[in-house]
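Single-structure report; data block below.
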2 protein chains.
Amino acid sequence: MSALFTKHQDLLTKALDACSHRYAWSGWPENPSSKIHGEEKPAAGLARFEALLGQDFPLAQPGEVARVGEEVSPYTGEPLGVRYPRADPEVLFTAINSARPAWAAATPEARVGVCLEILQRCGEQLFENAHATMHTSGQSYVMAFAGSGANALDRGLEALAYAHKAMQDVPATAHWERKFGRDGVASLDKRYRLVPRGIGVVICCATFPLWNTYPALCASLATGNPVVLKPHPAATLPVALVARVCREVLAEAGYDPNLVTLAADTRADPATLPLIQHPDTAIIDFTGSPRFGSWLEQNCPGKQVYTETAGCNSVVLESTDDLQATARAVAHSLCQASAQMCTSVQNIHVPAAGVRVAGEWVPHAEVAAAICSAVDGWLADPRAAATLCGTLFDPAVQSNVDRYRQLAAAQQRILRDSAPYENPGFPAARTATPLVIAASEDDRDWYREEVFGPVSFIIANADAEACLRDATGNARDCGAITSHVYSTDAEFLARAVDAYHAAGASVACNLTGMPINFAAAYSDFHVTGLNPAGNACLADLAFVSNRFRIVQSKFMGVAPAPA
Amino acid sequence: MSALFTKHQDLLTKALDACSHRYAWSGWPENPSSKIHGEEKPAAGLARFEALLGQDFPLAQPGEVARVGEEVSPYTGEPLGVRYPRADPEVLFTAINSARPAWAAATPEARVGVCLEILQRCGEQLFENAHATMHTSGQSYVMAFAGSGANALDRGLEALAYAHKAMQDVPATAHWERKFGRDGVASLDKRYRLVPRGIGVVICCATFPLWNTYPALCASLATGNPVVLKPHPAATLPVALVARVCREVLAEAGYDPNLVTLAADTRADPATLPLIQHPDTAIIDFTGSPRFGSWLEQNCPGKQVYTETAGCNSVVLESTDDLQATARAVAHSLCQASAQMCTSVQNIHVPAAGVRVAGEWVPHAEVAAAICSAVDGWLADPRAAATLCGTLFDPAVQSNVDRYRQLAAAQQRILRDSAPYENPGFPAARTATPLVIAASEDDRDWYREEVFGPVSFIIANADAEACLRDATGNARDCGAITSHVYSTDAEFLARAVDAYHAAGASVACNLTGMPINFAAAYSDFHVTGLNPAGNACLADLAFVSNRFRIVQSKFMGVAPAPA
């Protein structure tokens, strides 16, 4: 039994139990408050983040041909000035290949132990990671600490638990004997060995750089595959912090640090294609645009490809007992992280004739007004607004907002206009409050794709059935990661659940009083793999069980002791 | 709990335990002897087989456009005259699609119960299946009863056990609650539903028609996917017998029989491409040629493709304490089923200088002679020879033998010539005893591909290391399903195991006193998926866990009772 495995076994056991019963649990603190952590830890984290700025990031990797770095803080508009190694893929892969045999030969427990230690150490840098995430992906400090910290680490541990479970399913040895006809008893000792597939490339996204990175990293690394982390050029620092931890832990545990490497690049000269098309790359984990995700799914035969992309997440509002609570729940999704989350709602389907609220009809316009007013409610306090909305990670998001503002204004369809909000700590922050647009089915071109950023549509479909038909059709054709239904009618709810499921989508019913964007590790199966928003679920057995293969040796009589 | 699941639960439990501990176990009898079964059952099976000949096979399926059938018995040279429905794929798929929702909605236990009943019923027709297999794939009666009967059923049960395990890993419901900030406790009921991927097409091979068919059928059907069985035109009857059982059991259990259909075709007008390219086909299981298998792996993006093809299985003979026993073991593989098994040995690597036998050097020529003489030994008794060798399933196999006879004769390389043997029960049987050819590394073109049928090479490599290098290189480049090493040197064995594993191949060491072709369900992981002989293992978690996906619904408060 490896020392690191033993050290963290309780954590793993708890995660396995949480995955089996899918209750609420977290292995890390979600709240960065100094009331919990004291003053010193948060300050030290900030200091460590600041010490990285304007420097070469401390990462010594093979094949470095240049230093690159083009991150600009959405909070300050200033370049971070951190420079990361750009690698010659051939040299990098040669070094990685020489690290593979020892890692493949390590026991599953040893590898899982290393991954547990990595997660634990990443948990110790949550404060600097929060600042790094803030100033790259534009999240608020609180969101960066929780969503890109604790919640993301939980997802890594969840994937690791599945990897452990899948590997544990294969015994190391067996004894087998039987009689064949008149021959004597044939007695065989058998040994089963897990063989990793090859190099795994993890392509990370800009807005939640670690959300799928921890799971993909753990799934591949635990099953014996080296991992190349390919961060988004706009959000490299959080990933680099993880790569550094991985390399430290691997080296301390006696393995080659090149089992985890960072492949930084620039927008002008991306590194992705040479990495994924390299013959030694066997696994590709991708988070990003539906277009490139779909290209990867179609064009990498013989490689394992796991994608999470995006869709047009919907709300169908049929009826409710509490319009304010429902409006607040939906509005929260429109505001949170400026709707740059994979779980953000975009399309709000409300019957043209309105909805029943506690038995009374409320007209469509009044429902729309309640949602817009709830948005305003969330934004009333500037400090709370800043925590909820964060910034727009990239100027392109502002362009999206501007384009739809113009389109909608031309047709007098703006229900709630977008404007910058003033961020108390960062006067130069790139911010935009939610733009809410009135739409009908004639505007399907507008809302049948992901409009990235704080742009949403309140769609007046003919009736509740038409709402459901439109929303589920869009989920099937254009993808969906989250879908919401609000209804007090049990039969409608049941129909809605079936309709979303038939479209390959999961669905949440009547969620209020909580952030409806929240995806819970160990409990929610995140992404179904059944619609265009991704082909994999993070995490389930299918996410891990084909990252390794099984070879066996059998010996007549007693197997010789391993060399 | 479904009645069929309860009825067969003990069998499933036993299979799950056997998979976990990988000991020897079988759920069905391997021996057709009337000493075990009495006279009546075997006779009734034969009578039922004979009653099928020269008839339309009793199978009423949608979209039948013609009856086809071109099976010719390798034992009699006579057509079987059984005619099977040829289907219009569009009509067939429309009917299948209307069967899907109810099957998808059934509980995993209900579906597993139906599969268990199917296997049990197929177990009751082992006698007619044995005759059907004999007169199509050309196996001997005993082999057809065991290898294509009990052993194949065991593999179906093994895959079913894995499917059950993977589905059981997902709970049906969960309760989740936690506090978010100052909001109260959010309390959610969650439901998880398994969603089958779509239609599964199972492409069966001619020589072991049910070997991979039962596992693929069970893996797809249990996870909710309808299955289209596409038999080889030369070996349709065994598959049709299974299809009939499936349809009966499904109908009796209250499901649409079109969940399992037979898609018979002819060599001149194959049905495969329209089936696999149909947009509703989500899963393809293939057993057959490496060329088409590889094509499928590369050209079906978005579909799950599981292949078992072929390779050039090897023996490396470094040293032995008992040359006779070793020669007998290898010779058995050259004879069994006329080397038409996926586990048959083709390339026998023996150092040019000979091998150490119980400490004494025995020259290469003497080792080769021992193997050839052991072949003769297995063939000495005509009845035993017929049971061991069976027939050549197709004239093309005889052509392979003839071609290599000519090549080898021209260079005076024939170590043991092939000739027909006289089959006691069937004077017109198409038979050929093993052709054994002397080769060196200069003849790599001859042996670096599968030569289907009783053709083998005794290859004189420079030394034992060269034997190992050649054999493992061929496994990596050309595929291998079984590999054997004979050595009394523990260090050489350890090196050999590592070398085969590095080539993506499993390896058996020093097997004697048993049929070395034998692959044990529940114990051997059959096919590694790491070399060109196939991309899947039948069975492991990876074989089953991606045949379904998971969708969820979550409800604030208490979930309404299911409709």
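In this Cβ point-charge picture (+1 for Lys and Arg, -1 for Asp and Glu), chain B has a dipole of about 1820 debye about its Cα centre. When only the Cβ of Lys, Arg, Asp and Glu is charged (+1, +1, -1, -1), the dipole of region B:204-298 relative to its Cα centre reaches about 240 debye. Mean partner shielding of peptide B:188-199, defined as the number of other chain Cβ atoms within 10 Å of each residue Cβ, is 3. Proximity of backbone amide H atoms, modeled 1.01 Å from N, is registered between A:ALA87 and A:VAL65, A:ALA264 at under 5 Å, excluding neighbours fewer than 5 places apart on the same chain.
Look at B:ASP417, B:ASP498, A:ASP540 and count the other Cβ atoms within 10 Å of each Cβ; fewest to most, that gives B:ASP417, B:ASP498, A:ASP540.
Placing pseudo-labels 7 Å out from each Cα toward the beta carbon at A:ALA102 and B:GLU90 gives an inter-label distance of 6.2 nm.
When B:HIS175, A:HIS332, B:HIS484 are arranged by Cβ crowding within 10 Å, least crowded first, meaning fewest neighbours, the order is B:HIS175, A:HIS332, B:HIS484.
Among the listed pairs A:LYS179/B:LYS35; A:LYS7/A:LYS35; B:LYS14/B:LYS190; A:LYS190/B:LYS14, which are separated by more than 25 Å between their Cα atoms?
Where the Cα-Cα span goes over 25 Å, the pairs concerned are A:LYS7/A:LYS35; B:LYS14/B:LYS190.
Relative contact order (percent) for region B:314-509, with alpha-carbon contacts under 8 angstrom and 6 or more residues of separation? List each step's numbers first, then the result.
Numbers: 383 pairs, mean separation 56.1, N = 196.
That works out to 29 percent.
Using alpha carbons only, the radius of gyration of chain A set against its Kirkwood radius gives Rg/Rh = 1.01. Based on C-alpha pairs under 8 angstrom that are at least 6 apart in sequence, region A:430-563 has a relative contact order of 18 percent. By DSSP, the beta bridges lying fully in chain A are antiparallel in about 45 percent of cases.
Sorted largest first, the principal axis extents computed over the alpha-carbon atoms of region B:467-553 equal 60, 29, 20 Å.
Just need the relative contact order of chain A here, percent rounded to a whole number, with Cα pairs under 8 Å and 6+ apart. Walk me through the numbers on the way to the answer.
Values: 1261 pairs, mean separation 99.6, N = 563.
Taking the mean separation of contacting Cα pairs over the length of chain A, I get 18 percent.
Helical runs assigned H by DSSP (4 residues or longer) give the protein assembly as shown a calculated mean residue ellipticity at 222 nm of -13000 deg cm²/dmol, each run adding -39500 (n - 2.57) before division by the residue total. Think of chain B as having a plus end and a minus end, set by charges on the Cβ of Lys, Arg, Asp and Glu; of B:THR133, B:ALA508, B:VAL357, B:THR133 sits farthest toward the positive end of this dipole. What the Cα convex hull of region A:314-509 gives, in volume per residue, is 101 Å³. Residues in region B:196-206 carry Karplus couplings, in order, of x, 6, x, 7, x, 9, 10, 9, 9, 9, 8 Hz; the curve used is 6.51 cos²θ - 1.76 cosθ + 1.60 with θ = phi - 60°, and Gly or Pro positions show x. Per-residue mean of foreign Cβ neighbours for A:169-181 is 5 (Cβ atoms of other chains, 10 Å radius). Annotation: extensible slack from A:ALA43 through A:GLN412 equals 128.0 nm (criterion: 0.36 nm per residue apart, minus Cα-Cα distance).
The ranking of A:ILE348, B:ILE414, B:ILE199 from fewest to most other beta carbons within 10 Å of each one's beta carbon is B:ILE414, B:ILE199, A:ILE348. Hey, could you get me the Stokes-Einstein D for the protein assembly as shown, Kirkwood radius over alpha-carbon pairs, 4 °C and 1.567 mPa s, rounded to whole µm² s⁻¹? Translational diffusion coefficient: 41 µm²/s.
In sequence order, region A:444-461 has phi-based couplings of 4, 4, 5, 10, 8, 8, 6, 9, 6, x, x, 10, 9, 10, 9, 9, 8, 8 Hz under the Karplus curve 6.51 cos²θ - 1.76 cosθ + 1.60, θ = phi - 60°, and Gly or Pro positions carry x. Less than 5 angstrom separates the built amide H of A:VAL72 from those of A:LEU80, all sequence-distant by 5 or more or on a different chain. Peptide A:503-511 is shielded by partner chain Cβ atoms: per residue, an average of 5 of them sit within 10 Å of its Cβ. Here, region B:227-371 has an Rg and a Dmax of 22.5, 68 Å when only alpha carbons are counted. Centre-to-centre, using Cα atoms only, region B:169-248 and region A:188-228 are separated by 26 Å. Compared with the direct C-alpha span, the chain from A:SER20 to A:ASP322 gains 105.3 nm at full extension, assuming 0.36 nm per residue.
Considering only DSSP beta bridges whose two residues both sit in region A:314-509, what percent are antiparallel, to the nearest 5? Could you put the intermediate results ahead of the total?
Values: 5 of 27 bridges.
In region A:314-509, DSSP labels about 20 percent of beta bridges as antiparallel.
What you get for the protein assembly as shown, charging only the Cβ of Lys and Arg (+1) and of Asp and Glu (-1), is a dipole of about 560 debye around the Cα centre. Kirkwood Rh and Cα-based Rg: tell me the resulting Rg over Rh for region A:211-312, rounded to two decimals. Expressed as Rg/Rh, it is 0.96. Kirkwood analysis of the Cα pair distances in region B:432-494 returns a hydrodynamic radius of 12.9 Å.
R0 = 35 Å: FRET efficiency of B:ALA462 with A:PHE180, Cβ-based, nearest 0.05? Spell out each step's value before the answer.
Numbers: r = 35 Å, r/R0 = 1.01.
In this case the efficiency is close to 0.50.
Placing unit charges on each Cβ (+1 for Lys and Arg, -1 for Asp and Glu) gives the protein assembly as shown a dipole about its Cα centre, and among A:LEU334, A:THR387, A:PRO29 the Cα reaching farthest toward its positive end belongs to A:PRO29. Within the straight-line cut-off of under 18 Å between alpha carbons, the lysines reachable from B:LYS303 are A:LYS303, B:LYS230, sequence neighbours fewer than 8 places apart in one chain being disregarded. For B:VAL227, the residues whose amide H sits under 5 Å from its own are B:GLY200, B:VAL260, B:THR261, ignoring neighbours fewer than 5 places away on the same chain, with H placed 1.01 Å from N. Distances between equivalent label points of B:ALA51 across the copies, with each point positioned 7 Å along Cα→Cβ, amount to 8.6 nm, shortest listed first.
How many percent of DSSP beta bridges within the protein assembly as shown run antiparallel, rounded to 5? Don't skip to the answer; put the middle values down first.
Working: 60 of 146 bridges.
Beta bridges within the protein assembly as shown, antiparallel portion: roughly 40 percent.
Just so you know, all these numbers are worked out from the coordinates, no wet-lab data involved. Fair warning: this is a prediction, and the values are worked out from it, not measured in the lab. Every residue, glycine among them, receives a Cβ derived from its backbone with ideal geometry; neighbour counts consider all protein chains shown.
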